[in-house]
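Step one of this worksheet: look at the structure below.
Bear in mind these aren't lab numbers, they're just calculated from the coordinates by the rules spelled out. Owing to the predicted nature of the structure, the values given are computational and were not obtained by experimental measurement. Heads up, the Cβs are rebuilt from the backbone with ideal geometry, glycines too, and the neighbour counts pull from every protein chain shown.
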């Protein structure tokens, strides 16, 4: 299974290029900072070979998550968790090779307290603690070595597999804030 994560920073302006890029290259794609609201219809963002995307909108000025899953991979949106309205995460069950995975796409706004974000995230993950295979990906605006992220990973048995810089807002000091955390002992 090939999973991609991209902070797209406004999907509506970049959708046609995205469709070309995806092609047959990915099984699942998590987009953050889609910057969509309910005036954008789902069919505006359909991609051949993928199911209707799961989405969580904030507004045209920030945030938002969209998750594409290849149409031959069974998936469903999970809604048993209870989080504040300003917590941006989508929890999806993926059925793949006779096993069920918990996939979480998330966006942590830089204006939001790290402690607040990771505390709410941990509470949501507790609801789905029966999943042995977990993938968390998105723009976490946190790096390994920072206490809130490190504590969150330790408490939930998660390991970050992204080691190279993913954010180049400052080319002299790129950061690793678009992460892929997993709770699975074998190679993904």
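Brief remarks follow.
- Binned Cα-Cα distances of segment 6-52, short to long, each 10 Å bin given as a whole percent: 24, 63, 13
- The stretch between residue 85 and residue 14, if pulled fully straight at 0.36 nm per residue, gains 22.9 nm over its current Cα-Cα span.
- Taking the helices alone, the chain has a mean residue ellipticity at 222 nm of -6000 deg cm²/dmol, built from -39,500 (n - 2.57) per DSSP H run of at least 4 residues and averaged over all its residues.
- Likely footprinting exposure, 10, 111, fewest C-beta neighbours within 10 Å first: 111, 10
- Per-residue extension of 0.36 nm, minus the Cα-Cα distance of residue 93 and residue 122, leaves a gain of 8.7 nm for this segment.
- Spatial separation of Cα centroids for segment 1-41 and segment 82-146, in angstrom: 19 Å
- Order of 34, 39 under a 10 Å beta carbon neighbour criterion, fewest first: 39, 34
- By other beta-carbon atoms within 10 Å, ranking 81, 48, 108 with the fewest at the front produces 48, 81, 108.
- A full extension of the chain between residue 71 and residue 39 corresponds to an added length of 9.0 nm, given 0.36 nm per residue minus the alpha carbon distance.
- Of all DSSP bridge pairs formed entirely within segment 3-183, close to 75 percent run antiparallel.
- The relative contact order of the chain, computed from alpha carbon pairs under 8 Å that lie at least 6 residues apart in sequence, is 16 percent.
- Scattering curve values for the chain, log₁₀ I(q)/I(0), Debye with Cα scatterers, q = 0.15, 0.20 Å⁻¹: -0.89, -1.66
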